[in-house]
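Chemist: Please read through the structure below; I'll follow up with questions.
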Amino acid sequence: MSQIIIQGLLLSGLYALIAVGFTLIFSIGRVLNLAYGAYLMIGGYVYYHFTQVLGLPQIAGILMAAIFGCVIGILKYRLIVKTLKGDHVAVEISTLILAVVIQAGIVLVFNDSSKILHPIVPGVWRIGGATVTFNILTAALASWAILIGLYLFVRNTHIGRAMQAVSMDVKGAAISGVDPDRINLITWGISGALGAVAGVFFASYTQLSPSMWVAPLIIAVAVVIVGGIGSIIGSLIVAHIIGFMEIISTTLIAAELRGVFTMLLIIGVLVMRPRGLFGREEL
C-alpha cells in the first residue's frame, strides 16, 4: 500500500505537468492542440542529443529542450493557428498532421529504435516498504516547482492576468486593452516549453521512441476532459486521480492495462458530465 501511495503521488505530479500546458492552450485559445505530445517527444530527444551525445550538463539539456519547445510552439501559432483564423476543426486536424510529420522527422534524424535516457538523478531511496528512484522523485519535485511557479505567474503578473482575461472573454479583454493575439502567442510559447520539459522527465521515466508522443497526448486529453475543459485546478486534481488509477491497475491487476481505465474514465465522464467534473472554462 505504501508503494502505491508514494508512486501514485510522484507519477501524478509528472502527469500534472504534462497536462497543464495542454490545458493552457484550450483555456485561452479554445482549440485542442493535438500536436502537444510532439512537444514532449522533441523535448526528450533534444535533451538526449545535448546531454548523452554532446555531453553537455543536464541543466543545459533541459534548458535547450525548453527553448526548442517554446520556439516550436510560437512557430506553430504563427504559421498554422493564426493563419487558419479560428477554424478550430482545421487547427486540430493540422496539429495532428504536424505531430505525425514531426515523428517522421525524428525517425529520419535519430532512426526508429528506442533509446534509454540516463537517470537525471541516479540512485534509489527506500521509505518503509516502498522503493523510490531518485529519478522519479526529482521529476515529481521539479514538476511541482514548475506548476507552483506557473500558478504564481498567472495570478500575480500583468501577463498572467491578461491570460485570465482572454480565457474568460476574448472580446471583453480586447476592449480592456489586452491584445489577444499577443497573449495567445505567449501562451503557445509557454505551453511548448512546459511540454518539452515534461517530455524530458517523461522520457527518463519511460524511454525515448518516435511514438512516445501518443501516450502523453492521451493523458493530457483525459486530464482536461475529466477535470473540466479549461480548468487548471481541475486538471491538477484529475492528474492525481489518473496517476493513482494507473499505479493501482499496473500494480494490482496487470501492466498491460496501463491506460485502459483512463480511457474508460474519459468515456464515463463524457456520458454523465460532458463539462467535466469541475466544469470551468477559464484559468
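Chemist: Would you point out the residue of segment 110-133, among those that are aliphatic (A, V, I, L, M) and free of Cβ contacts under 8 Å to residues at least 40 places away in the same chain, that is farthest from Ile4 (Cα to Cα)?
Modeler: For segment 110-133, the residue satisfying everything is Val121.
Chemist: Give segment 128-149 a look and list any residue that's of a type in the set (Val, Ile, Thr) and assigned to a helix (DSSP H, G or I), or say none.
Modeler: Scanning segment 128-149 gives Ile136, Thr138, Ile146, Ile148.
Chemist: Within segment 45-53, does at least one residue satisfy the condition of being surrounded by fewer than 21 Cβ atoms within 10 Å (Cβ to Cβ), assigned to a helix (DSSP H, G or I), polar (S, T, N, Q) and without any contact (Cβ under 8 Å) to a residue 40 or more places away in the chain?
Modeler: no
Chemist: Next question. Which residue, of Ser176, Ser167, is of a type in the set (Ser, Thr, Tyr), open to solvent by 60 Å² or more (accessible area, probe 1.4 Å) and more than 30 Å from Ile116 (Cα to Cα)?
Modeler: Ser176
Chemist: Which numbered condition in (1) in contact (Cβ under 8 Å) with a residue 24 or more places away in the chain; (2) over 21 Å from Asn184 (Cβ atoms); (3) hydrophobic (A, V, I, L, M, F, W, C) is the only one that Met64 fails?
Modeler: For Met64, the failing item is (1).
Chemist: Please go through segment 123-141 and give me each residue that is farther than 19 Å from Gly13 by Cα and either surrounded by 12 or more Cβ atoms within 10 Å (Cβ to Cβ) or modelled with pLDDT of 80 or more (or both), ordered by number.
Modeler: Answer for segment 123-141, where residues must be farther than 19 Å from Gly13 by Cα and either surrounded by 12 or more Cβ atoms within 10 Å (Cβ to Cβ) or modelled with pLDDT of 80 or more (or both): just Gly123.
Chemist: Looking at segment 9-19, which of the residues that are of a type in the set (A, V, I, L, M), in contact with a Leu (Cβ under 9 Å, 6 or more places away or on another chain) and farther than 13 Å from Ala196 by Cβ is most open to solvent (accessible area, probe 1.4 Å)?
Modeler: Applying the filter and picking the extreme gives Leu10.
Chemist: Kindly indicate whether any position in segment 20-42 is in a helix (DSSP H, G or I) and out of contact with any helix residue (DSSP H, G or I) (no Cβ under 9 Å at 6 or more places or on another chain).
Modeler: No, because not a single residue in segment 20-42 is in a helix (DSSP H, G or I) and out of contact with any helix residue (DSSP H, G or I) (no Cβ under 9 Å at 6 or more places or on another chain).
The values are calculated or read from the model by the stated rules, or taken from the named source; none is laboratory data. Note that the structure is a prediction, hence the values are computed from the model and not measured. Methodologically, a virtual Cβ is constructed for each residue, glycine included, from the backbone with ideal geometry; neighbour enumeration extends over all protein chains shown. Just so you know, the surface numbers come from the protein's heavy atoms only, side chains and all, with ligands and any DNA or RNA stripped out. Shrake-Rupley method; radii C 1.70, N 1.55, O 1.52, S 1.80 Å.
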